[in-house]
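For reference, the structure discussed in these notes is given below.
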Amino acid sequence: MAPTSTPQTPFGRVLTAMVTPFTADGALDLDGAQRLATHLVDAGNDGLIVNGTTGESPTTSDAEKAQLVRAVVEAVGDRAHVVAGAGTNHTHHSAELARAAEKAGAHGLLVVTPYYNKPPQEGLVRHFTAVADATGLPVMVYDIPGRSGVAIDTETLVRLADHPRIVANKDAKGDLGATSWAIARSGLAWYSGDDMLNLPQLAVGAAGFVSVAGHFVAADLRAMTDAYLAGDVRKATEIHQKLLPVFTGLFRTQGVMTTKAGLALQGLPAGPVRLPLVELTEQETEQLRRDLTAGGVQLG
C-alpha cells in the first residue's frame, strides 16, 4: 500500500533522487540499496526516486532497474513513495520500463523529456501520453532542457495535465517566470528539481522537491518547507542560506560522483560509479568534505 497522498502533494513534499549502490566490482548492491533507502526515509524523506539519472539509469539494465524497484519497495514501500524512473528517448522502451516498474511495485513513475533526438512539442505530448497510458500509475514528467536538449513548453504542460494520470512535474528548467505561468495554468503538482532553487520554487507555488541534497540534509529541507508553509519566511531563508555550501558542493562536478563520495564519507552504502562517470580525485573529495561540513552535514 502506497503512503497517503493528496492532489497537491501526490508524492509527498521531500523526495530524494537516490543513487544506485554498487558493490566494489560494480554489480548491483540490493542489500546496500535497501539499507540506504531505509536511512533516507528515516532521515525525513517522504519518497525516493529510483532509476533516475542520479541512479545512473543510463548504465543499468532493464533487469537491474526492476530488481532495484522491488528491493526498495520491500524496504520502505509501506512508509514512503517509491517513484521509478522510466524515461528514455524511445517511447516504446519507456512504456516497457513503466510496465516493469508497476509490476515490481512502484507507486509512481518519473518520465524525463526524451533526450538527444529533440522532438517537437507534439512529439512530447504523444510520448508522455503513451507512457502514461501504459500503466495505472501516477506520472511525474521531468523537464530538464540542460540534459534533454528540449524544454517542455507551458502549453504542452497544460495539455499533459488533462491526462488523468499525469499529475506532477519535476522542474529543472531554471526559469522561474516559466515556472510561475506553468503552475498557474496547468494545475500540476510542482516539484523543484534544482536544489539551489528549492525555496524560490516554493515561493511561486511548488509542492516540494526532488532533491539530490536530500541524501544529506532531508531534515533541513523538511524544516525549510514547514517554515515557509507556516509563514515563517525568515526562518525558511535562514535554512536555505545554511544549505548553500551543500547545494554548491554537490554540483562542483557531476552530481552522482559527488553524492556517492559524500555517502562514502558517512559510511553509507554507495560504492563506485559506472563509466563514463569516474571517482572523485583526492582533491575533489577534500573540497566536498569542506562543503558538506560547512552546511552542517556530519561526516565520519
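Applying a threshold of 6 Å to beta carbon distances and a minimum spacing of six or more residues, or different chains, the list of pairs starting in the range 75-104 at a residue that is surrounded by 24 or more Cβ atoms within 10 Å (Cβ to Cβ) and ending at one that is at pLDDT 95 or above and basic (Lys, Arg) is empty. Run down Asp78, Asp31 and say which single residue is at pLDDT 95 or above and not in a helix (DSSP H, G or I). When all the criteria are applied, what remains is Asp78.
I'm trying to understand the selection: among the residues of the range 156-166, which are open to solvent by 20 Å² or more (accessible area, probe 1.4 Å) and in contact with a helix residue (DSSP H, G or I) (Cβ under 7 Å, 6 or more places away or on another chain)?
Listed by number, the residues that qualify are Val158, Arg159, Ala161, His163, Arg165.
Among the residues of the range 259-294, those identified as assigned to a loop (DSSP other than H, G, I, E, B) and surrounded by fewer than 20 Cβ atoms within 10 Å (Cβ to Cβ) are Gln266, Gly267, Leu268, Pro272, Arg274, Leu275, Pro276, Leu277, Val278, Glu279, Thr281. Is there a residue in the range 212-219 that is within 19 Å of Pro119 (Cα to Cα) and of a type in the set (Phe, Trp, Tyr)? The answer is no; no qualifying residue exists. With Gly267, Gly296 as the choices, which residue is at positive phi and without any contact (Cβ under 8 Å) to a residue 60 or more places away in the chain? Unique residue meeting the criteria: Gly267.
Counting only residues that are assigned to a loop (DSSP other than H, G, I, E, B) and under 23 Å from Gly146 (Cβ atoms), the range 81-114 holds 7 of them.
Suppose the filter is touching a Lys or Arg at 6+ places or on another chain (Cβ under 7 Å), in contact (Cβ under 8 Å) with a residue 40 or more places away in the chain and open to solvent by 30 Å² or more (accessible area, probe 1.4 Å); does Pro145 pass it? When the stated conditions are applied, Pro145 does not pass them.
If the condition is being open to solvent by 60 Å² or more (accessible area, probe 1.4 Å), in contact (Cβ under 8 Å) with a residue 24 or more places away in the chain and not hydrophobic (A, V, I, L, M, F, W, C), then the range 201-227 contributes only Arg222. Of everything in the range 34-74 that is part of a helix (DSSP H, G or I) and touching a Lys or Arg at 6+ places or on another chain (Cβ under 8 Å), the residue that is farthest from Val112 (Cα to Cα) is Val41. Taking the range 133-169 as the range and being closer than 20 Å to Asn89 by Cβ and small (Gly, Ala, Ser) as the test, the residues that pass are Ala134, Gly146, Ser148, Gly149, Ala151.
Which members of the range 43-70 meet the condition of being of a type in the set (Asp, Glu) and touching a helix residue (DSSP H, G or I) at 6+ places or on another chain (Cβ under 9 Å)?
Asp46, Glu56, Asp62
For residues that are within 16 Å of the chain's Cα centre (by Cα) and among the β-branched types (Val, Ile, Thr), scanning just the range 74-100, find the one that is nearest to His39 (Cα to Cα). In this case the residue turns out to be Val82. Take the conditions (1) hydrophobic (A, V, I, L, M, F, W, C); (2) out of contact with any Pro (no Cβ under 7 Å at 6 or more places or on another chain); (3) under 27 Å from Val50 (Cβ atoms); Val233 misses just one of them, which is (3). Once the range 219-269 is narrowed to residues that are touching a helix residue (DSSP H, G or I) at 6+ places or on another chain (Cβ under 6 Å) and aromatic (Phe, Trp, Tyr), the residue that is nearest to Thr293 (Cα to Cα) is Phe247.
Would you check which residues across the range 261-300 are charged (D, E, K, R) and either over 22 Å from Thr53 (Cβ atoms) or touching a strand residue (DSSP E or B) at 6+ places or on another chain (Cβ under 9 Å) (or both) and list them?
Result: Arg274, Glu282, Glu286, Arg289, Arg290.
The values are calculated or read from the model by the stated rules, or taken from the named source; none is laboratory data. Not measured: the values here are computed from a predicted model. Glycine gets a Cβ as well: all are built from the backbone with ideal geometry, and neighbour counts include every protein chain shown. SASA here: full protein model, heavy atoms, side chains in, ligands and nucleic acids out. Shrake-Rupley method; radii C 1.70, N 1.55, O 1.52, S 1.80 Å.
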